[in-house]
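This structure is in structure tokens; I'll ask about it shortly.
Values quoted throughout were computed directly from the atomic coordinates according to the rules given, and no laboratory measurement underlies them. Note that the coordinates shown come from a computational prediction; the quantities given were computed from them, not determined experimentally. Note: ideal-geometry Cβ built from the backbone for every residue, glycine included; neighbour counts use all protein chains shown.
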Amino acid sequence: MITFAIFFFFAAIAVIFAAVVVLHRNPVVGALSLVASFFALAVMYVLLEAPFLAALQVIVYAGAIMVLFLFVIMLLNLQHQEEPRTRPVQQFLGYTTSAAFGLALIYYLAKFGVTKLPEGPFVSDARTVGIRMFEAYIFPFEMVSILLLAAIVGALILSGRTGAIPPPTGENKL
Amino acid sequence: MIPTHWFLILSAILFALGVCGVLTRKNGITIFMCIELMVNAVNLTFVAYARQFHQIHGLLFVFFVMAIAAAEAAVGLAIFISLFHHRHTIDVDEANLMRW
């Protein structure tokens, strides 16, 4: 019973902070809310008997990727910017389309969701995951390392300054 | 034990919120964060089905998705920095051309 309470508490946290990411106009608040949502998702992974992935979620997503987002937001000095409210018809269409899409997803997942869990514990600690990774997925693993190297080189080339561009002064226009 | 479809419904809600953000927001970095939100919703589905069918392959796919999300974040944010250097804005309405 305590498990259900934990599930609902952290599910509510994940959904509320995800809604803050979508609705709040300040990107710094959005990034910090996304970190909170990722922590709640790490709790979900623990409830799903995958503690290794919960640790990876905290280290890689909340620790590395979101720090990168915050660095870029602060580097670009965006924290005081407000989005102008334009195109109300398109905004309304976006909200209704995504709401209909979400309702359809929930309907079909609840309709075709399997309910019976198999017997026995699901062993998914770091040892088991590592053994399966290097048995069956060694080639994709190496490909991911090459992809990350390519991403590093691409990020360096893309973000390097080319030519003399005057730096923005004061409050930047969004 | 919590039934699998509750996790699936949570994942569907998070994915729909991410879709909503991508469709309605105009700040490029916020759109990017909503994409990360959708990636995480799909990860939750992978892990839920991995436990449902006692298949560890789902967890390994989540590992690869995390690595690719990291690469995507690095390249995407570098694109936004470059865009900001050229236009002094990251409003995606201002960046609707594929050249200069």
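Between A:M1 and A:A150, what FRET efficiency comes out of the Förster formula 1/(1 + (r/R0)^6) with R0 = 35 Å and r the beta carbon distance, rounded to 0.05? List each step's numbers first, then the result.
Values: r = 49 Å, r/R0 = 1.40.
With a Förster radius of 35 Å, E is 0.10.
Let me ask you something else. Would you mind giving the mean number of other chain beta-carbons within 10 Å of the Cβ of each residue in B:42-52, as a whole number? Provide the component values of the computation, followed by the final result.
On the way: counts 0, 6, 6, 1, 3, 11, 7, 2, 6, 9, 8.
Counting other chains' Cβ atoms within 10 Å and averaging over B:42-52 gives 5.
Continuing with this model, one more query. Per residue of A:90-97, how many C-beta atoms from partner chains lie within 10 Å of its own C-beta, taken as a mean?
Working: counts 2, 4, 1, 2, 7, 3, 2, 5.
What the average comes to for A:90-97 is 3.
Roughly what would the spin-label model give for A:Y107 and B:D93, points 7 Å off Cα along C-beta, in nm?
Placing both labels 7 Å beyond Cα along the Cβ direction yields 3.3 nm.
Separate question: In deg cm²/dmol, rounded to 500, what helix-only [θ] at 222 nm does chain A give when every DSSP H run of at least 4 residues adds -39500 (n - 2.57) and the total is split over its residues? Intermediate results must be reported in sequence, preceding the final value.
Details: 7 runs with 117 residues, N = 174.
Computed ellipticity for chain A at 222 nm equals -22500 deg cm²/dmol.
Hey, another quick one. Between A:V46 and A:D125, what is the label-point separation in nm under the 7 Å Cα-to-beta-carbon projection?
Reported label-point gap for A:D125 and A:V46 is 1.7 nm.
Separate question: Measure out, as a whole number of angstrom, how far apart the alpha-carbon centroids of the stretch A:17-66 and the stretch B:30-65 sit.
Cα centres, the stretch A:17-66 to the stretch B:30-65: 13 Å.
Sorting A:F71, A:F141 on the 10 Å Cβ count, fewest up front, what's the list?
Working: A:F71 12, A:F141 15.
If I rank by nearby Cβ atoms, fewest first, I get A:F71, A:F141.
Here's a follow-up. So what's the back-of-envelope 222 nm ellipticity for chain B, counting only DSSP H runs of four-plus at -39500 (n - 2.57) apiece and dividing by all residues, rounded to 500?
That calculation yields -28000 deg cm²/dmol at 222 nm.
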